[in-house]
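Notes follow the structure.
Rule-based calculations on the coordinates, nothing more; no lab input. In this text the structure is predicted, and so the values were computed from the model without any measurement. With ideal geometry, Cβ positions are generated from the backbone for all residues, glycine too; neighbour counts draw on all protein chains shown.
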Amino acid sequence: MIRNEKVMLDRDLAQLYNVETKRVKEAVQGNISGFPEDFMFELSKAEFDNWRSQIATSNADKLGLRYAPMAFTEHGVLMLSGVINSESAIQTNIQIMRIFSKIKQHFSDVSDIRTDLEKVKRKLENQGKNIELVFQYIDELSEKKELPERSKIGYKK
């Protein structure tokens, strides 16, 4: 999660696509109009420093970590598979899209469950109010004073 977005970094995608990171960067630079800010963004200096401190890399790392990674959103990953033209990239992207779909379905299922729970909660609250009302009526009936016994009307034997 970077900038409240679920992203994959260029280095991770390069590894999945079985290409060098610089090939991913070249593909993006050659097709930059296909990667708006909501598809791909470069990490800011602060984000990059934070990321580097988390993975404990040095400036001299041979993986090219001197440059801020590119972060790709779901749509950016899809766009990237169209510009990296290799069978490995295509097959990997199919798997990535399936995973994104499963994650979306999971969140949708969780949302449905949450809605159902809210409905049950509302029903229980109403039942609780109804039970309280029944007890209130019972209390009122039991508190009523008994009326004095009236004299009987009719013939006496």
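Data table
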| item | result |
| --- | --- |
| Per residue convex hull volume, Cα atoms of the range 94-155, in Å³ | 83 |
| The range 8-111: relative contact order in percent, alpha carbon pairs under 8 Å with at least 6 residues between | 35 |
| Full-stretch length increase - residue 127, residue 97 - with 0.36 nm per residue and alpha-carbon distance subtracted | 6.3 nm |
| Relative compactness, the chain, computed as alpha-carbon Rg over 2.2 N^0.38 Å | 2.25 |
| Residue 44 versus residue 143: modelled label distance in nm, points set 7 Å from Cα along the beta carbon direction | 6.3 |
| Candidates 123, 25, 104, ranked by Gaussian network fluctuation over the chain, Cα under 10 Å, top entry | 123 |
| Of 112, 49, 139, the one that fluctuates the most in a GNM where the chain has Cα springs shorter than 10 Å | 139 |
| Test item: Cα-centred dipole of the chain, Lys/Arg +1 and Asp/Glu -1 on Cβ, debye | 900 |
| Extended-chain gain in nm, criterion 0.36 nm per residue less alpha-carbon gap, residue 150 and residue 113 | 7.2 nm |
| Förster radius 25 Å - calculated FRET efficiency between residue 37 and residue 105 (Cβ-Cβ, nearest 0.05) | 0.40 |
